[in-house]
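Q: Have a look at this one.
The values are calculated or read from the model by the stated rules, or taken from the named source; none is laboratory data. Small disclaimer: the values here were computed from a predicted structure and weren't measured. Glycine also receives a Cβ, built like all others from the backbone with ideal geometry; neighbour counts cover every protein chain displayed.
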C-alpha cells in the first residue's frame with residue numbers, strides 16, 4: 001500500500017502515523033532509534049507491506065498490469081490501490097476524506113523533526129501539493145505514476161497502464177474489496193484493537 005493506506009491504517013494514532021509514514025525510509029534496526037510509539041508505527045508499516053505483498057488478490061492484480069510495469073508491478077499496485085481506497089473511501093471510514101486528509105497533513109507537519117532527513121526534505125512539497133488528495137482523481141493518479149516512472153528512468157508505459165486500469169476498474173475494485181478488509185483485520189490484530 002502507498003501513502004494513503006498507510007496513513008489510514010494508522011488508526012487515528014499520531015505516533016503510529018509518524019512511524020507508518022516514515023517506514024520506507026527507516027532501514028534495518030534503525031527503527032529502535034525512535035520513541036516507542038513511532039517504533040510501533042514503523043513495524044506496523046513493515047507488517048502492512050509484507051501482508052500486502054503476500055496476499056493472493058494482490059497477486060491477481062499484479063498479473064493484470066505486469067505487461068505495462070514489468071518487475072515494478074508490486075509498487076505500482078500499491079499506488080493504484082491508494083486510488084481505489086480514495087474512491088471507495090465511504091465504505092471504510094465514517095470520517096469525510098477531506099477532514100481525514102487535513103488532519104493527517106497537520107499531524108505530519110507537527111512531527112517533521114522526528115522524520116529521517118530525506119522525508120523531511122520531501123514533506124513540505126508533499127504537504128503543499130496536498131498529496132493524499134491526488135489519489136482521488138485519474139489526473140492525480142497519473143501524476144503519481146509519472147513521478148514514479150521518472151525515478152525509474154521511464155521504464156513503464158504509464159499511459160497504457162492508466163488506460164488498462166480504468167478500462168478494467170471493476171476487476172481491480174473487486175480485488176481491493178476482497179483484500180482490504182483482510183488488511184484492516186491484520187492491522188487491528190497487530191495493534192491490539194480486535
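Q: Find all pairs meeting these conditions: Cβ atoms under 9 angstrom apart; at least six residues apart or on different chains; first residue within the range 182-194 and at negative phi and loosely packed, with under 14 Cβ neighbours inside 10 Å; second residue at pLDDT below 90 and not in a helix (DSSP H, G or I).
A: If the second residue must be at pLDDT below 90 and not in a helix (DSSP H, G or I), the pairs left are 185/194; 188/194.
One line per residue, one yes/no per condition, for (1) modelled with pLDDT of 95 or more; (2) outside any loop (DSSP other than H, G, I, E, B); (3) in contact with a helix residue (DSSP H, G or I) (Cβ under 7 Å, 6 or more places away or on another chain); (4) surrounded by 12 or more Cβ atoms within 10 Å (Cβ to Cβ):
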| site | (1), (2), (3), (4) |
| --- | --- |
| 149 | no, yes, yes, yes |
| 163 | yes, yes, no, yes |
| 172 | yes, yes, yes, yes |
| 175 | yes, yes, yes, yes |
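Q: Take residue 38 and decide whether it is closer than 24 Å to residue 157 by Cα, touching a helix residue (DSSP H, G or I) at 6+ places or on another chain (Cβ under 6 Å) and in contact (Cβ under 8 Å) with a residue 40 or more places away in the chain.
A: It is false that residue 38 is closer than 24 Å to residue 157 by Cα, touching a helix residue (DSSP H, G or I) at 6+ places or on another chain (Cβ under 6 Å) and in contact (Cβ under 8 Å) with a residue 40 or more places away in the chain.
Q: With the condition kept exactly as written, say whether any residue in the range 121-130 is part of a helix (DSSP H, G or I), at pLDDT below 95 and in contact with a helix residue (DSSP H, G or I) (Cβ under 6 Å, 6 or more places away or on another chain).
A: no
Q: Still on this structure, please answer the following. Which one of these does residue 111 not meet: (1) over 18 Å from the mean Cα position of the chain (by Cα); (2) surrounded by fewer than 18 Cβ atoms within 10 Å (Cβ to Cβ); (3) modelled with pLDDT of 95 or more; (4) within 23 Å of residue 45 (Cα to Cα)?
A: Going through (1) over 18 Å from the mean Cα position of the chain (by Cα); (2) surrounded by fewer than 18 Cβ atoms within 10 Å (Cβ to Cβ); (3) modelled with pLDDT of 95 or more; (4) within 23 Å of residue 45 (Cα to Cα) one by one, residue 111 breaks only (2).
Q: Exactly one of (1) within 19 Å of residue 184 (Cα to Cα); (2) surrounded by fewer than 21 Cβ atoms within 10 Å (Cβ to Cβ) is unmet by residue 62. Its number?
A: It fails just one condition, (1).
Q: Residues of the range 117-140 being crowded, with 16+ Cβ neighbours inside 10 Å and within 20 Å of residue 14 (Cα to Cα), which ones?
A: The answer is 119, 123, 126, 127, 131, 132, 133.
Q: Shifting gears a bit: Starting from the range 116-134, keep only residues that are on the phi < 0 side of the Ramachandran plot, then list their pairs with residues that are surrounded by fewer than 17 Cβ atoms within 10 Å (Cβ to Cβ) whose Cβ atoms are within a distance under 7 Å, requiring at least 6 positions of separation or different chains.
A: Close Cβ pairs satisfying both conditions: 116/25; 118/25; 119/25; 120/112; 123/112; 127/109; 134/143.
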